[in-house]
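Everything below concerns the one structure shown next.
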Amino acid sequence: MKKSPIFFLLLCISFGSFGQGTFSGDLMMNVNFFMRDTNIKASGNPLYDNYLSGNEGWLSLRYNIKGFTFFVRADAFDNSNLKNPTSATSDYGIGAWSVTKDMKDLSITVGTIYDQIGSGILFRAYEDRGLLIDNALIGIELKYKLASNIQVKGFTGQQKNNIGVNNVRYAPIIKGLNLEGDFNIGKVHLLPGVGVINRTLDNNSYQTLASTVRTQYLADSTSPRFTPVHNMYAGTVYNTLTYKNFSWYVEGSYKSTEAINETDTGGSTKIFEKPGNVEYTSLNFGVKGIALSLAGKRTEDFIMRTSTNETLLNGMLNWQPVVAVLRPERLMSRYTPASQDQSEQAFSANLLLSPNDVTSFTLSYTNINTLKNEKLYREGFVEGVYQGLKSWIFQVGAQYMEYNTLRYQIAARADSSPIVYALTPFAEVTYKLNEKKSIRAEVQYMNTLQDYGSWVFALLEYDVAPRWSISVSDMYNTAINKNKDNPNANDAGFATKKADHYYSAYVAYTRGANRFSLAYVKQVDGINCAGGVCRYEPAFSGLKLAITSSF
């Protein structure tokens, strides 16, 4: 496969010599400068003790000519902490490449494929650089229009493995088929679809799994003993129905019996042989002044991976929609609920009321449990926005939250409940100096007796559209839990010494398709989430430089 990028570039040059096409691309680069801070535990690893800096970058190039699309992406990691936040990784190579030929009714893609079936519950090959997720399928995909409103696509290949850049792949084979339609029945618009996938284990993966099952049984005779299967099959049926101001999406997915890892409430993991299923639906309705959205999901043992040997964010074949609203506010985002593929029953309701053009109110409620009614997440949220004064925008609200750290963070304080209870009021004021300049102030207070204790966050931002954005902020921990290495804690569990400040300063400059940003960051350890997929990150102290460009 190392010859593939060279062949690809030669093919581009060959086509370019015979005709004129269109060329485009984009660049993304992050540079971190690590500044040791033992007070917040940003220390004790090679990044802070030895290397002091690191970076990662992605350069994508696209060339279109005569129905062909050539794509290549070069990835570079120099002492990067993106793969493992506490150690450095260095690697270079072609992270993605593909050749696509579009004909009248047929499209063929060979190489790195990013696509999904339905909402992604059954299969989703996607990229999220913030969490270094690159679940691309490396293989071949065909799309064919059976009719003007019916399309079928099929694919086969192996999933990319982020252990290395140069087309390192998981060995199991993945095959899929997807049929989608687009129909109008009177005033009703339907977008139905059906999809199936098959994953076949290679011999090494199978033998590793079989050995683990035998070892598990020998260590504990109460553990299940079974003969694993090579093939897993899964299917999904979905539809979007739209009628006037009403929209309804529904999807049901099922997977065949196979070996899966299950984690109990104590954090221990065992391998069981079970089938799985997911049912998901969302409803949206809107008229002038009112918008309502409802969502619900039930998940039972729907663990989709390249093999049972993979855990955490490794080898994920799918992505499950997140029922909870993902809050962008700094303090609220510390406790973001990720989808649970083992056991989850979730419901959310969101109501937007706009009695006039200058006032709006948002009300939200979310309830998430396991199938055995273990509490996972609760949220009550209210927000009001007023724009009735010239040049001013006022925003106030509050969130009440209950969050299960044992399930979402695989951690619980030895001296407290795994549930974090928090009440977080917040306020934001924006003043428009003129058409281009504005000042925004934001303040949040999280009141909680769990985890790190209560927090205060304040931010001041100055924007000059479309060029400049400048901000300073402070996240202040008003009380520290004694389980965070504070032996001199009082009876309430919090240290009496002065708590920590987490200062940040940020400046960004945008010119056309180019954006440059520089930030001084002190960041508390916690969960970083994107799209409902989360991972733990340790504390950070230092400078972050980011560059994005497209051409």
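The values are calculated or read from the model by the stated rules, or taken from the named source; none is laboratory data. Nothing here was measured: the structure is a model prediction, and the numbers come from that model. No Cβ is skipped: glycine too gets one built from the backbone with ideal geometry, and neighbour counts run over all protein chains shown. All accessible areas refer to the heavy atoms of the entire protein, side chains included, with ligands and DNA or RNA removed. Shrake-Rupley method; radii C 1.70, N 1.55, O 1.52, S 1.80 Å.
Annotations for the structure displayed:
- Here is the list for segment 257-352: trypsin sites (Lys or Arg not before Pro) lying in DSSP coil, each with at most 13 other C-beta atoms within 10 angstrom of its C-beta, are Lys288.
- Excluding exposed DSSP-loop GluC sites (Glu not before Pro) (at most 15 other C-beta within 10 Å), longest clean stretch of the chain: 1-373
- Between segment 338-417 and segment 228-276, the alpha-carbon center distance in angstrom: 25
- In sequence order, segment 502-517 has phi-based couplings of 10, 7, 8, 9, 9, 9, 9, 10, 10, 9, x, 8, 10, 9, 10, 9 Hz under the Karplus curve 6.51 cos²θ - 1.76 cosθ + 1.60, θ = phi - 60°, and Gly or Pro positions carry x.
- Accessible surface calculations at 1.4 Å, restricted to protein heavy atoms, place segment 91-136 at 34 Å² per residue.
- Fully extending the segment from Thr227 to Trp248 would add 3.4 nm, taking 0.36 nm per residue of separation and subtracting the current Cα-Cα distance.
- When the C-alpha to C-alpha distance is required to be over 25 Å, the pairs from Lys41/Lys544; Lys432/Lys544; Lys83/Lys544 that qualify are Lys432/Lys544.
- The share of accessible area on the chain that comes from carbon and sulfur is 59 percent, using a 1.4 angstrom probe.
- Which labelled figure in [x] 36; [y] 33; [z] 25 is percent of Cα pairs over 43 Å apart, once derived from the coordinates: [z]
- Computed over segment 195-294: relative contact order in percent, which uses C-alpha pairs under 8 Å that are six or more apart: 23
- Taking 7 Å steps out from each Cα toward its Cβ at Ala441 and Glu329 produces label points 1.8 nm apart.
- In straight-distance terms, cross-link reach from Lys153 covers every one of the aspartates and glutamates whose alpha-carbon lies under 16 Å from its own, apart from those fewer than eight places away in the same chain; here that gives Asp102, Asp105, Asp115, Glu141, Glu180, Asp182.
- Rounded to whole numbers, the Karplus 3J(HN,Hα) couplings from phi for segment 420-432 are 8, 9, 9, 10, 10, x, 8, 8, 8, 10, 10, 10, 8 Hz, using 6.51 cos²θ - 1.76 cosθ + 1.60 with θ = phi - 60°, and x at Gly and Pro.
- Legend: residues Val396, Val287, sorted from most to least accessible area (1.4 Å probe; ligands, DNA and RNA excluded), read Val396, Val287.
- Here Lys255 is the anchor, and the aspartates and glutamates within straight C-alpha reach of less than 15 Å, apart from those fewer than 8 places off in the same chain, are Glu273, Glu279, Glu300, Asp301, Asp341.
- Local electrostatic count at Thr215 - Lys and Arg +1, Asp and Glu -1, tallied over other residues with Cβ under 13 Å: +2
- Here the chain is assigned +1 on the Cβ of each Lys and Arg and -1 on the Cβ of each Asp and Glu. Its dipole about the Cα centre then comes out at about 980 debye.
- For the chain, the relative contact order comes to 10 percent (Cα pairs under 8 Å, sequence separation of at least 6).
- Trypsin sites (Lys or Arg not before Pro) restricted to segment 132-219 and DSSP loop, no more than 14 other C-beta within 10 Å: Lys187
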